[in-house]
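These notes concern the structure reproduced below.
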Amino acid sequence: MSTLRLVPGTPDGVLAALAGVLDGSGMPFAPVPEDPVGAARVQQAAVPGEPVEDGCAVVLTTSGSSGEPKGVVLSREALVASATGTHERLGGPGQWLLPMKPYFVGGLQILTRSLIAGTSPVMLGENFTESARKMTGARRYTAMVPTQLARYLETDLEGLRSFDAIVIGGASTPEQLKRRAAAAGVNAIPAYGMTETGSGCVYDGVPLDGTAVDLDGNRILIRGNTLFSGYRLRPELTAEVFRDGWFRTQDRGEIVDGRLRVIGRVDDVVISGGVNVTLPTVQARLLEHPRVKDAVVLGVPDAEWGTRVVAFVVAGTADQPSGGAAIRGIGREELRDFVAETLPRAWAPRDVVELQALPMLASGKVDRQRLLEGVR
């Protein structure tokens, strides 16, 4: 039985290793980030010296934005099913631009789709539009996180418009951002998924062929051919999240007109002063404020309230809510009153922390741990 091979988490390194596992000539591998902290986390989660599980092709390390990193085991069949299902949903195979790190599932699957389609991926250079101009395929695709989309809508509209479809994943896409993209003529498609589902498996609320979605109460359950095989050398943890073939996610959702709508994580509902507060709903309301460019709302342990609701906001101009020069001093009471106009007063954030920018992980997700460290 073979052990897991570590490969450099560069586009060339991951592309070569992927080609091997897809055609059967290569060994199972785990991509390693360039930074020492990321590399250490891969060593911890992937455990390269131990034999690999049956069917393992790739082990990816979860982002660890809110907990211990885990090694997610993906099979060749899951990788191929995800890539094939994505192409079928988007209108056929095409050429892909890679604007993200390939040691995360979103970047790795861009390379998988390229290999399956027989096309050469284009790597993102210093300028997004110039990189897009290098695309030669009849159909052109890319994928990115919402933060990247918001930035490129301001700086690289020509490049965005040149793609047949842009898959948006890694985090929830604000409604305001969806409207901006549509108004600008950009075909941005929100996708829901995670490392355990082999990247996005629900596009614009509709599961890919071969994927099924259900709800247990409001907890999202997923079943299908893109699912991971389990957590690396953690059978007890794997058993906790699988029930009768269904993967129990940590996300809450609802089915509206036949489409899945994600409404937050299971732990995004906190009790503050005896009142249940849904943090994503507060966050969505803050993003409607004309001078709030970005926002994250978190619950912080508090001796008096049990959990204190804290809003971290990035200011923007009234004329340019998603850009422009920052305006300091959006008052706490102003934002509390704004939230209370449509939500219960008890949901209004008790603290407001204004930032120049939200701290981000390499995966494109907000670094929640770093935010929490600053207020505890």
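The values are calculated or read from the model by the stated rules, or taken from the named source; none is laboratory data. All values reported here derive from a predicted model rather than from experimental measurement. So basically every Cβ, Gly included, is an ideal-geometry build from the backbone, and we count neighbours across all protein chains shown.
Can we say R113 is surrounded by fewer than 21 Cβ atoms within 10 Å (Cβ to Cβ) and farther than 23 Å from E240 by Cα? So R113 fails the test. Of the helices (runs of 4 or more DSSP H) lying entirely inside the range 104-196, those containing at least 1 residues that are acidic (D, E) span 128-132, 146-155, 157-161, 175-183.
Closer than 24 Å to D367 by Cβ, touching a helix residue (DSSP H, G or I) at 6+ places or on another chain (Cβ under 7 Å) and at pLDDT 95 or above - does that describe any residue in the range 33-49? Give the derivation first.
Taking the range 33-49 first, the residues closer than 24 Å to D367 by Cβ are 33-46.
Okay, now just the ones that are also touching a helix residue (DSSP H, G or I) at 6+ places or on another chain (Cβ under 7 Å), so 33.
Next cut, at pLDDT 95 or above only: none.
No: the range 33-49 contains no residue that is closer than 24 Å to D367 by Cβ, touching a helix residue (DSSP H, G or I) at 6+ places or on another chain (Cβ under 7 Å) and at pLDDT 95 or above.
Could you list, in sequence order, all residues of the range 253-297 that are part of a strand (DSSP E or B) and small (G, A, S)? Scanning the range 253-297 gives G253, G264, S272, A295.
Within the range 212-241, residues that are more than 25 Å from V80 (Cα to Cα) have Cβ atoms under 7 Å from residues that are among the aliphatic types (A, V, I, L, M) in these pairs: L215/L221; L215/I255; R219/V266, counting only partners at least 6 apart in sequence or on another chain.
Every condition in (1) within 19 Å of L60 (Cα to Cα); (2) buried (at least 22 other Cβ atoms within 10 Å of the Cβ); (3) under 14 Å from the mean Cα position of the chain (by Cα) holds for T226 except the one numbered (3). Under the condition of being of a type in the set (A, V, I, L, M, F, W, C), touching a Gly at 6+ places or on another chain (Cβ under 8 Å) and in a helix (DSSP H, G or I), the residues counted in the range 59-103 number 3. Only residues that are crowded, with 18+ Cβ neighbours inside 10 Å and on the phi > 0 side of the Ramachandran plot were counted across the range 156-192, and they come to 1. Against the numbered list (1) crowded, with 17+ Cβ neighbours inside 10 Å; (2) on the phi < 0 side of the Ramachandran plot; (3) touching a Gly at 6+ places or on another chain (Cβ under 9 Å), V47 comes up short only at (2). None of G107, G159, G170 is modelled with pLDDT of 95 or more, within 30 Å of G20 (Cβ to Cβ) and touching a Lys or Arg at 6+ places or on another chain (Cβ under 9 Å) except G107.
Taking the range 320-346, which residues are modelled with pLDDT of 50 or more and in contact with a strand residue (DSSP E or B) (Cβ under 6 Å, 6 or more places away or on another chain)?
Just the residues of the range 320-346 that are modelled with pLDDT of 50 or more, to begin with: 328-346.
Answer for the range 320-346, where residues must be modelled with pLDDT of 50 or more and in contact with a strand residue (DSSP E or B) (Cβ under 6 Å, 6 or more places away or on another chain): I330, R332, L335, A346.
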